[in-house]
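What follows is a set of notes on a single structure, which appears directly below.
The values are calculated or read from the model by the stated rules, or taken from the named source; none is laboratory data. Note that the structure is a prediction, hence the values are computed from the model and not measured. Methodologically, a virtual Cβ is constructed for each residue, glycine included, from the backbone with ideal geometry; neighbour enumeration extends over all protein chains shown.
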Amino acid sequence: MTLYMDIHHDLDATEEDLARAHLSDLEAQDKYGVKYLKYWFDPKRRTVCCLVDGPNKEACDAVHREAHGLVADKIIEVESNVLQAFFGSDEPSELGAAVFNDGSIDGGFRTILFTDIVDSTSLTQRLGDTGAMEVLRLHDQIVRRELSARHGTEIKHTGDGIMASFASASNALNCAKAIQKALVSHSQKNPEREVRVRIGLSAGEPVGEARDLFGAAVQLARRVCDYADPERILVSNVVRELCIGKDFAFQDRGAAELKGFAEPVRVFEVDWH
C-alpha cells in the first residue's frame, strides 16, 4: 500500500457536503483495497485535499468516482514522515476532516520559512571548526525557540539554516521578525561571534504543480531566501496578501528573477525593527 494525497479545485461545497462525500468514500473503498484517512478543506480557496492509502492512483480515483463522482484534479505519492512534519499526526474529526487542536477546520494551506546563515563557509575560515559550530548551534537554538513560541514546525535542517512550516502566515512572519531581532541583538553584544541570516517565506497548498508535498511553495520560499540581503526578511506576494490588514509593514522590492522560475516573482521586504 502507498500513501497518496489528492487535491480538488473549485469545489462549491459545505463542510456537511464533504462529510457526506467522505462517508461515501468509506462505503466504497473496500471494493478497491483503498483506505481514505482524512481530508483538508479550505472553503475560501474552494479546495479539498484527501489523504488515502491505496495500491495505486487508479484505485484511489475509482473510489471517488463510484462514491460521488468528484475525481481529483491531481494526486501525488507522499511519505509518511514528510506528511507528519507538515501536518502533525492529529486525528481527524469524527466526520473525517483534518482539524486543529481547537477543533477548527484545517485547510491544508501552509507558509514555508527558510533561514540561511550569511557567509557560512567563511565562518569556518574565520572562527575555525569549533567556533563555526558554536555559531550554528546558536542559530539553531534561537530559531527553534521562536518556532516553538509561534507554533511553527521544523521540517529539516539545511546545513546552514532551517526550513519550517506554519499553519498561520502571521505566526510565520512574527517568528521571522523575532529571529532577526534575537540574532542582531546577539551580534551587537558578541561581535566576535556575529550571526547574520537572511529569511525568505512563501505559502501554498499541499499539491501544486511540483511532485513533492508543498513543492512549489518550498521552492519559492528557498529562492526568495536566497535573494534576500543579510539581516532582511523577504516574502512572496501570497504571504503579503495573507497578512493584509495585520500589523506588518511591507516594502515592495519589485519583480525578482529567481532561479527555477520562468517569470519574475514579486517580492516584499518585511520591516522587523
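For the range 171-180, the count of residues that are farther than 30 Å from residue 72 by Cβ and in contact with a Cys (Cβ under 7 Å, 6 or more places away or on another chain) is at least one. The residue that is modelled with the highest pLDDT, counting only those in the range 1-26 that are touching a Lys or Arg at 6+ places or on another chain (Cβ under 6 Å) and more than 20 Å from residue 54 (Cα to Cα), is 10.
Please verify whether the range 189-203 includes one or more residues that are part of a helix (DSSP H, G or I) and of a type in the set (Gly, Ala, Ser). Taking every residue of the range 189-203 in turn, none turns out to be part of a helix (DSSP H, G or I) and of a type in the set (Gly, Ala, Ser). Could you say whether any residue in the range 208-219 is of a type in the set (A, V, I, L, M), surrounded by 18 or more Cβ atoms within 10 Å (Cβ to Cβ), at negative phi and in contact with a helix residue (DSSP H, G or I) (Cβ under 7 Å, 6 or more places away or on another chain)? Looking through the range 208-219, at least one residue is of a type in the set (A, V, I, L, M), surrounded by 18 or more Cβ atoms within 10 Å (Cβ to Cβ), at negative phi and in contact with a helix residue (DSSP H, G or I) (Cβ under 7 Å, 6 or more places away or on another chain).
Take the conditions (1) closer than 24 Å to residue 42 by Cα; (2) more than 17 Å from the chain's Cα centre (by Cα); (3) modelled with pLDDT of 95 or more; residue 239 misses just one of them, which is (2).
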